[in-house]
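I have placed the structure first, in the form of structure tokens, so that the comments after it can refer back to it.
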Amino acid sequence: MVKTVEKLEQKIHAQPRTCALLTCQNNIMPLAWHMPFSKEPFRYGIALRDENHSYDLVQETGEFALNFLDIQYHEAYEISGSTHGHSVDKFARTGLHPKTAQSIQSSLIEEAYLIYECRIIDRINYGDHNVFVADVLHIHNK
């Protein structure tokens with residue numbers, strides 16, 4: 001049976017889109033709210049809530065990477081989303097391996113089949129989330 005509601009309910013609404021792992025510095029966060037904004041120049045956007053540790057890191061550094069991993073890494077998504085980056089080494093906790101980026105200081109994830117290295121060009125607040133629009137500097141594709 002389909003349930004119809006008038007607003008998003010906490011922890012029960014589906015995320016019917018590809019989830020990526022956002023990295024900023026050495027922190028990892030699962031991110032479902034992302035999308036391309038422009039093909040030329042290639043620009044990509046993410047939406048972050050300002051109460052997240054990742055928000056602070058992205059705001060401070062002006063950069064991030066989006067790492068797309070196969071479904072076999074579903075536990076890494078769970079672990080990185082249920083632990084706090086202030087006090088936990090999420091690379092160690094998830095078993096994922098950091099690798100060096102070409103244009104940004106943030107770590108990339110070795111296991112990813114697709115990675116976007118991004119530098120922020122704009123930020124706009126829309127209620128409880130901020131949208132960061134970024135130039136994609138490098139695309140890593142296995």
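The values are calculated or read from the model by the stated rules, or taken from the named source; none is laboratory data. This one's a predicted model, so the numbers in the text were calculated from it and none came from an experiment. When we count neighbours, we look across all protein chains shown, and the Cβ atoms used for this are built from the backbone with ideal geometry, even at glycine. All accessible areas refer to the heavy atoms of the entire protein, side chains included, with ligands and DNA or RNA removed. Shrake-Rupley method; radii C 1.70, N 1.55, O 1.52, S 1.80 Å.
Tabulated results
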| read-out | value |
| --- | --- |
| Scan of the stretch 126-137 for residues that are surrounded by fewer than 22 Cβ atoms within 10 Å (Cβ to Cβ) and either among the small types (Gly, Ala, Ser) or modelled with pLDDT under 95 (or both), ordered by number | TYR126, GLY127, ASP128, HIS129 |
| Number of positions in the stretch 20-32 that are open to solvent by 20 Å² or more (accessible area, probe 1.4 Å) and more than 8 Å from the chain's Cα centre (by Cα) | 2 |
| Tally, over the stretch 109-125, of residues that are under 14 Å from LYS99 (Cβ atoms) and either outside any strand (DSSP E or B) or open to solvent by 60 Å² or more (accessible area, probe 1.4 Å) (or both) | 4 |
| Matching residues in the stretch 98-108 - criterion: being part of a strand (DSSP E or B) and open to solvent by 30 Å² or more (accessible area, probe 1.4 Å) | PRO98, LYS99 |
| Residue count for the stretch 60-91, restricted to those that are open to solvent by 50 Å² or more (accessible area, probe 1.4 Å) and either assigned to a loop (DSSP other than H, G, I, E, B) or modelled with pLDDT of 95 or more (or both) | 6 |
| Search result, residues across the stretch 34-59 that are assigned to a loop (DSSP other than H, G, I, E, B) and touching a Gly at 6+ places or on another chain (Cβ under 9 Å) | ASN52 |
| The stretch 78-130: number of residues that are among the aromatic types (Phe, Trp, Tyr) and free of Cβ contacts under 8 Å to residues at least 24 places away in the same chain | 0 |
| Residues within the stretch 21-59 that are free of Cβ contacts under 8 Å to residues at least 12 places away in the same chain and under 19 Å from ASP122 (Cβ atoms), tallied | 6 |
